[in-house]
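Everything on this sheet refers to the single structure shown next.
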2 protein chains.
Amino acid sequence: MDVAEFRRRGREMVDYVADYLENLEQRPVYPDVEPGYLRSLIPTEAPLEPETYEDIMKDVERVVMPGVTHWHSPYFYAYFPAASSYPAMLADMLCGAIGCIGFSWAASPACTELETVMLDWLGKMLQLPECFIAGTQGHGGGVIQSTASEATLMSLLAARCKAIRWVLASNPEKSEAEILSKLVAYTSDQFCATLGTTPSCAFDHITELGPICNKENMWMHIDAAYAGSAFICPEFRHLLNGVEFADSFNFNAHKWLLINFDCSAMWVKKRSDIIGAFKMEPLYLKHENQESGLVTDYRHWQIPLGRRFRSLKMWFVFRMYGLKGLQAHIRKQVGLAKEFESLVRADKRFEICAEVIMGLVCFRLKGSNELNQTLLKRITKSREIHLVPCQLSGRFVLRFAICSRSTESHHIQQAWRHITQLTFELLQEPAH
Amino acid sequence: MDVAEFRRRGREMVDYVADYLENLEQRPVYPDVEPGYLRSLIPTEAPLEPETYEDIMKDVERVVMPGVTHWHSPYFYAYFPAASSYPAMLADMLCGAIGCIGFSWAASPACTELETVMLDWLGKMLQLPECFIAGTQGHGGGVIQSTASEATLMSLLAARCKAIRWVLASNPEKSEAEILSKLVAYTSDQFCATLGTTPSCAFDHITELGPICNKENMWMHIDAAYAGSAFICPEFRHLLNGVEFADSFNFNAHKWLLINFDCSAMWVKKRSDIIGAFKMEPLYLKHENQESGLVTDYRHWQIPLGRRFRSLKMWFVFRMYGLKGLQAHIRKQVGLAKEFESLVRADKRFEICAEVIMGLVCFRLKGSNELNQTLLKRITKSREIHLVPCQLSGRFVLRFAICSRSTESHHIQQAWRHITQLTFELLQEPAH
């Protein structure tokens, strides 16, 4: 494919993407395929000779689309949102074209520097304490990780490294293995200190946990993977109080802040803590400027060596929406969750199972777990809406998460009509 | 930005990307900026109100481009290639639009199934032993990791988990910490068994290492991050002999196989080894089909939970190039490296420092390390071509890696004229 054909195919793809998203409502949100469906639809080996682009695009509809769970359908209420917006998609095209691998400052200074400044912008939107902001003089700062899992792992490894060095300083005779065997990681049943758990969007009391961690010289990592985006709204910011006690903090801007996956924002109070654990300096990665205090080599902040120019997505989205636009997005989705909550509360057959604070409603039919499992099976099978369950204190609960940017009030109303229709049919059956 | 504006801006971005790549030769390959340059060019906080798209695109040229190291310039010879092709970029646009987070089969069956089949396609291109191919009955199979670092970490964790279980089976009284303290990872000075090291593209003798690992019941991981792509050519395949002894094998298709970052292909002989180490099953991720042998939940194969629909890039590239087109790309770049090698060998002032097997030439001026450091500094400062050094047996060596898809013979000739011109000036100075 030469550049002229790319211009043509690129325009076609832009239209394909626009058509897909504009008409997504008309596709069933959950696919009707059996495991292994795809293998039989395509050859067992790659072609020897080139094929035509037309054939590939035909196969996108024939092979791929029938097996897609449409996360951006307005009828998708499962898991948590996967952020998506047009400015982020445009920025990602640019990211692909520049195609730098920004493991060091020199590997592409703009890639590193825009990331540091964008994490400062975002940190300020969240009103993070000054110690997490890089600025020109700070000791802290932010980094884009791929996912919250990686941010948590990095925190754990940095904490482990720091603890071992701390013990070794006063007990140089001890072996690392001996110290390691005594280290303890305290977690809840959702792992670390969490703001907005996955099952029910519950909040740990970090203003209580934090001082204990600080007093006991323990590393405190706070994960706000889903809820973190909402802290850009003043009315939710109080839920982040206590972050000043943390050593590291992370949330997934790729969940709820309109920045396409992957963009997990992580801040540390002391860059030296995280860099110290992973510094790696072969000659081919050294560069003249790295001794300057202004230089960040992000490869020391993460598990992978390579990294994409992901801050472009943040820059495009922050500027195209503005803080007010982003706040409006959060508020709209919380409003839709509240609307769904009201519908559930108005129906005596149902109960709300956890306080609705953000865009997630946990609810169930009053009755047995089996009854709720059957209801969910029928919802899934109908393929009109899609949601997943959770377990809360031994009870089987349905999660209704506001996910798609295109979900409006009438979708919520229709989803509820659908759920109550299936409920009506279920409760009429003799077994119930 | 509504869908109508996205259609318009999308077309503009396609043209911007096409123009950028078409005219890349005219931009200096290495940026002329000082650390911290970017922060002063943009505001210290995100805007409250939305800005216009025109302003953002103006800032791409004003703020970003002056700080970009252009990895796809035909004058970029640093590190290793970062793969890039038009079909991969088109597929990535589609990936962004579908925007599924394929952590489980149910989260988007097509995302998981296309990945398994694409890794089979690629495994067959490399003529991997049957035990690494998933097929419909296999015990092995492939997965896309983000980077080789993550593949190595996954292997290490899986090996550790397997070793601990193995010791515990016959010594149930031992603690995990005790066993852990006795575990040993054998590495070379480039880490694990490597085919194509980063400094000089050297090859370990895996046909010698493999039988020892197997006999001693050790996990063998082979990393062919750069060189792996070349094994699709029969004339290079012999370098992969011995892979049958490995438990896991990995290479970066995003380096040399025209698939944009990230796409690190990893295969394991026994899926159960890698899954066993990481299985994680909260209720909200369970789905009805997961007990089927045909179902893969890739979240068990990797550190992150979330993952993009990256196999689309593989599918587009394999089909648009065909195996022959991909082989031609590898052969062309190896040919360019051989051409550069000949130029170096014909100049008595220089020496070749490692056998040129693929697309990397390691060379130096006969003389001191300081002399070569000075030469490289001048090359970097001139910004006409870009390369990085390595250290081989204590000697400072220049690496010349064929990177960009757009590099042609005349670029190689021009690069060599430039190097010899700077050498001429350097050697004329009294100090030398």
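The values are calculated or read from the model by the stated rules, or taken from the named source; none is laboratory data. Predicted model, so just to flag it, every value in this text is computed and none were measured. Don't worry about glycine lacking a Cβ; one is built from the backbone with ideal geometry, like all the others, and counts go over all protein chains shown.
If you go through region B:388-410 and keep only what is more than 19 Å from A:Ile98 (Cα to Cα) and polar (S, T, N, Q), you end up with B:Gln391, B:Ser393, B:Ser409.
If you take the residues of region A:382-427 that are of a type in the set (Lys, Arg) and under 27 Å from the mean Cα position of the chain (by Cα), which of them is farthest from the other protein chains (Cβ to nearest Cβ)?
Among them, the one singled out is A:Arg383.
B:Arg417 meets the conditions (1) closer than 27 Å to B:Asn23 by Cα; (2) among the basic types (Lys, Arg); (3) surrounded by 15 or more Cβ atoms within 10 Å (Cβ to Cβ) in every case but one. The failed one is (3).
Condition test on A:Gln137, is it polar (S, T, N, Q), in a loop (DSSP other than H, G, I, E, B) and modelled with pLDDT of 95 or more? So A:Gln137 fails the test. Cβ separations smaller than 7 Å between residues 6+ apart or across chains give the following pairs from region A:163-192 residues that are more than 22 Å from A:Ala148 (Cα to Cα) and basic (Lys, Arg) to residues that are modelled with pLDDT of 90 or more and surrounded by 14 or more Cβ atoms within 10 Å (Cβ to Cβ): A:Lys174/A:Val167; A:Lys174/A:Leu168.
For region B:80-94, the set of residues classified as of a type outside the set (A, V, I, L, M, F, W, C) and either more than 7 Å from chain A (Cβ to nearest Cβ) or in a loop (DSSP other than H, G, I, E, B) (or both) consists of B:Pro81, B:Ser84, B:Ser85, listed by residue number. Only residues that are without any contact (Cβ under 8 Å) to a residue 24 or more places away in the chain and either more than 7 Å from every other protein chain (Cβ to nearest Cβ) or under 13 Å from B:Gly67 (Cα atoms) (or both) were counted across region B:13-45, and they come to 11. Where residues in region A:295-312 are out of contact with any strand residue (DSSP E or B) (no Cβ under 9 Å at 6 or more places or on another chain) and in a helix (DSSP H, G or I), which of them is nearest to the other protein chains (Cβ to nearest Cβ)? Top of the filtered list is A:Leu312.
Restricting region B:326-353 to residues that are among the small types (Gly, Ala, Ser) and surrounded by fewer than 19 Cβ atoms within 10 Å (Cβ to Cβ) leaves a set whose member that is farthest from the other protein chains (Cβ to nearest Cβ) is B:Ala346. Every listed requirement among (1) more than 12 Å from chain A (Cβ to nearest Cβ); (2) hydrophobic (A, V, I, L, M, F, W, C); (3) not in a strand (DSSP E or B) is met by B:Val143 save one, (3). None of B:Ala97, B:Ala169, B:Ala151 is small (Gly, Ala, Ser) and facing chain A (nearest Cβ under 7 Å) except B:Ala97.
Applying the criterion of being under 23 Å from B:Gly242 (Cβ atoms) and buried (at least 21 other Cβ atoms within 10 Å of the Cβ) to the residues of region B:103-125, the residue that is nearest to the other protein chains (Cβ to nearest Cβ) is B:Trp121. Here are some residues: B:Ala97, B:Ala151. Which one is small (Gly, Ala, Ser), in a helix (DSSP H, G or I) and within 19 Å of A:Thr147 (Cβ to Cβ)? Within the list B:Ala97, B:Ala151, the selection yields B:Ala151.
For region B:46-58, taking the residues that are part of a helix (DSSP H, G or I) and in contact with a Phe, Trp or Tyr (Cβ under 8 Å, 6 or more places away or on another chain), the one that is nearest to the other protein chains (Cβ to nearest Cβ) is identified as B:Ile56.
Being more than 24 Å from B:Asp262 (Cβ to Cβ) and part of a loop (DSSP other than H, G, I, E, B) is the filter here, so list the residues in region B:200-210 that pass it.
Taking region B:200-210 first, the residues more than 24 Å from B:Asp262 (Cβ to Cβ) are B:200, B:202-210.
Within region B:200-210, B:Ser200, B:Ala202, B:Asp204, B:His205 meet the criteria.
Within region A:59-79, being more than 9 Å from chain B (Cβ to nearest Cβ) and surrounded by fewer than 23 Cβ atoms within 10 Å (Cβ to Cβ) holds for A:Glu61, A:Arg62, A:Pro74. Give me a count of the residues in region B:169-218 that are under 23 Å from B:Arg399 (Cα atoms) and among the charged types (D, E, K, R). Qualifying residue count for the region: 2. Just the residues that are assigned to a loop (DSSP other than H, G, I, E, B) and either touching a Lys or Arg at 6+ places or on another chain (Cβ under 8 Å) or farther than 20 Å from B:Phe318 by Cβ (or both), please, taken from region B:112-133. Once the filter is applied, which keeps residues that are assigned to a loop (DSSP other than H, G, I, E, B) and either touching a Lys or Arg at 6+ places or on another chain (Cβ under 8 Å) or farther than 20 Å from B:Phe318 by Cβ (or both), region B:112-133 yields B:Leu126, B:Gln127, B:Pro129, B:Ile133. Please go through region A:184-199 and pick out each residue that is within 12 Å of another protein chain (Cβ to nearest Cβ), surrounded by fewer than 16 Cβ atoms within 10 Å (Cβ to Cβ) and in a loop (DSSP other than H, G, I, E, B). Residue satisfying the conditions is A:Val184 alone.
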